[in-house]
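Everything below concerns the one structure shown next.
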Amino acid sequence: MFLAIDAGNSNVVFAIYNDQTSTWTNQFRLDTQPESLKSQLTKKVPLYFLEHGLGPQDILSIGISSVVPEINAILTDFCQSFLGTKPYFIQASSYEKIPVKTIRPDEMGTDLMCNVRAGWELFQQAFVVVDFGTALTFTVVNKKGEVVGVNIVPGLKTAIHSLTSNTSKLPEVELKLPTSAIGKNTVHAIQAGILYGYTGLVKGMLETIRMETGEPYRVIATGGLSSILTTIEQEFDLVDRNLTLEGLRLITIENN
């Protein structure tokens, strides 16, 4: 079995790929904060393995995509001490062995490049990956498999947290799409403003990308919040929450 570890700014996602069934199983998340993560790896992960009938010997290979360098040593120590396996970290040099390219490999986030690798495996034509995470990103890939560029805006949760943490009277609200775009109370007003506002943002960004490049693109949505904006589901050719994990797996294979 292959263990993928996707370390983002908010959560570290663990997922196991079963080679016999070609499916992702046993996904779980831990908090990214270094002190909290170290404790969770020591206590929660061994218990999780035990409860799901898994043993360290079942994990034959580990790939890690991390955009949080300060936790890399913690993850490495966990993999070697508990699983007895040295992990492979996706990095700029990893991109040399994959069939998609970027002109600035040192600036390309490993999570985004994992998305690109998996997207190319699916379409092998021009596409855009819209990743709904801590940041909302648009990664544009042309028909040659070259990363044209990336757009980054605050993610949905980040936008709400920024709004409520910088105002004294606005509460933190649930990310739930209201039935009306016109708010009738404070909670409704925030939900409508953020979620319908981001509906327009995503539509507008995709339209602008197509107009600027003059190229038709397939569109893939991924990330934990990719299913919330049901108002734009028709904009996506595919919604795949495992896209980053699949790209991580493919890049690890191509570099080992």
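Where a number appears in this text, it was derived from the coordinates with a stated rule and is not lab data. Computed from a predicted model, the values in this text were never measured in an experiment. All Cβ positions, even for glycine, are placed from backbone atoms using ideal geometry, and neighbour counts span all protein chains on display.
With N denoting the number of residues in the range 47-108, provide Rg(C-alpha) divided by 2.2 N^0.38 Å, to two decimal places.
Expressed relative to 2.2 N^0.38 Å, the Cα Rg reads 1.39.
Tabulate in residue order the Karplus-calculated ³J(HN,Hα) for the range 16-21, using 6.51 cos²θ - 1.76 cosθ + 1.60 with θ = phi - 60°, rounded to whole Hz; enter x for Gly and Pro.
Ordered by residue, 3J(HN,Hα) equals 10, 9, 8, 5, 6, 9 Hz.
For the range 157-163, just list the computed ³J(HN,Hα) in residue order, Karplus coefficients 6.51, -1.76 and 1.60, θ = phi - 60°, integers in Hz, with x standing in for Gly and Pro.
Karplus-based 3J(HN,Hα) across the range 157-163 equals 5, 4, 5, 5, 5, 4, 5 Hz.
Taking only the alpha carbons of the range 59-177, what extent do you get along each of the three principal axes, in Å, biggest first?
Principal extents (Cα only, largest first): 51, 43, 25 Å.
Given labels modelled 7 Å from the Cα in the Cβ direction, how far is it in nm from ASN185 to GLN57?
So the label points at ASN185 and GLN57 sit 5.8 nm apart.
For all pairs of alpha-carbon atoms in the chain, what percent lies in each bin of width 10 Å, listed from the first bin to the last filled one?
Pairs per bin, as whole percents: 7, 29, 32, 23, 9, 1.
So for the range 136-177, what percent of the C-alpha to C-alpha distances run longer than 11 Å?
71 percent
What is the sum of charges, Lys and Arg at +1 and Asp and Glu at -1, for the other residues whose Cβ falls under 14 Å from the Cβ of ALA15?
Local charge sum for ALA15: -3.
Calculate one ³J(HN,Hα) per residue across the range 6-11 by plugging θ = phi - 60° into the Karplus curve 6.51 cos²θ - 1.76 cosθ + 1.60, and present them in order as whole Hz with x for glycine and proline.
Result, rounded to whole Hz: 10, 8, x, 6, 9, 9.
Could you check what % of the DSSP bridge pairs in the range 1-72 are antiparallel, to the nearest 5?
If I count the DSSP bridges inside the range 1-72, around 70 percent turn out antiparallel.
Within the chain, what's the longest run with no GluC sites (Glu not before Pro) in a DSSP loop and at most 16 other beta-carbon atoms within 10 Å? Give the range, please.
1-171
Can you give the Rg/Rh ratio of the range 101-247, where Rg is from the C-alpha atoms and Rh is the Kirkwood radius?
1.01
Could you check the spin-label model distance between MET1 and LYS101? Points 7 Å from the Cα along Cα→Cβ, value in nm.
For the pair MET1/LYS101, the computed spacing is 3.9 nm.
Would you grab the residues whose amide H sits under 5 Å from the one on GLU146? Only those 5+ places off in sequence or on another chain, please, with H modelled 1.01 Å from N.
Residues meeting the criterion, in which the H sits 1.01 Å from N, are LYS101.
For the range 1-90, which semi-axes, largest first and in whole Å, follow from the square roots of 5 times the eigenvalues of its Cα gyration tensor?
Over the Cα atoms of the range 1-90, the semi-axes work out to 19, 14, 12 Å.
Report the gain in length on full extension from SER227 to LYS143: 0.36 nm times residue separation, minus Cα-Cα distance, nm rounded to one decimal.
Difference between extended and current length: 27.6 nm.
For the chain, what is the mean residue ellipticity at 222 nm derived from helices alone (per DSSP H run of n ≥ 4: -39500 (n - 2.57); sum divided by total residues; nearest 500 deg cm²/dmol)?
Only helices count here, giving -12000 deg cm²/dmol.
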